[in-house]
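These notes concern the structure reproduced below.
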């Protein structure tokens, strides 16, 4: 695949599956035996759909925007921004608060399909923005 073709595939996953809930793209672009390295996510087509469904239900206005993308060899890296509103239970009851976090992804391709994924969403920032972590107490000024 060319660099442009791999980038197009990644854009389709973000736009179609995550932003629109159109899951037909998943078996088209992921190998049936792909490896998922992001903690807590499933490495099957049905599991991936379940994970995305859960995200879209918990944060119904969830939207991912690819900010930057880089390609080298058989790998694509993205830095995306995820935005949404906490509307269903997630680490506690829904707060109704919004979040905006960075997500870094790495995808490896082979034979025209995604065969491996690593993802790192900034969960700490998300938890802080949603009020799910205690705020640090101000420290007295030292001498």
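Coordinate-derived values only; no laboratory data. Remember, predicted model here, so these are calculated numbers, not experimental data. Quick reminder, even Gly has a Cβ in these numbers, built from the backbone with ideal geometry, and neighbours come from all protein chains shown.
So what's the angle, to the nearest 10 degrees on a 0 to 90 scale, between helix 45-58 and the longest Cα principal axis of the chain?
Result, in degrees: 30.
Stretched out fully, how many nm does the piece from residue 28 to residue 132 gain, at 0.36 nm a residue minus the Cα gap?
On the way: separation 104, 0.36 × 104 = 37.44 nm, distance 3.69 nm.
Gain on stretching residue 28 to residue 132: 33.8 nm.
When only C-alpha pairs under 8 Å and at least 6 residues apart count, what is the relative contact order of the chain, in percent?
Details: 242 pairs, mean separation 30.0, N = 143.
Relative contact order comes out at 21 percent.
Treat each spin label as a single point 7 Å out from the Cα along the C-beta direction, and report the residue 54 to residue 110 distance in nm.
It is 2.7 nm.
Based on the mean of other Cβ atoms within 10 Å per residue, sort peptides 41-53, 10-22 so the most packed one is first.
Working: 41-53: 14.7, 10-22: 16.8.
Final packing ranking: 10-22, 41-53.
Restricting to the chain, compute how many DSSP beta bridges are antiparallel as a %, nearest 5. Please report the intermediate quantities before stating the final value.
Values: 28 of 31 bridges.
Counting DSSP beta bridges with both partners in the chain, the antiparallel share is about 90 percent.
Taking only DSSP H segments of four or more residues, each worth -39500 (n - 2.57), what value at 222 nm results for the chain once the sum is divided by all its residues, to the nearest 500 deg cm²/dmol? It would help to have the intermediate numbers written out before the result.
Values: 4 runs with 36 residues, N = 143.
My calculation for the chain gives -7000 deg cm²/dmol from helical runs alone.
Mind telling me which of 75, 83, 123 comes out most flexible in a GNM of the chain, alpha-carbon contacts under 10 Å?
Among 75, 83, 123, the largest mean-square fluctuation in the Gaussian network model of the chain belongs to 123.
How many angstrom lie between the Cα centre of region 121-143 and the Cα centre of region 73-98?
So the two Cα centres are separated by 18 Å.
For Rg and Dmax of the Cα atoms in Å, the choices are (1) 25.0, 90; (2) 15.1, 55; (3) 17.1, 63; which was calculated from the structure?
(3)
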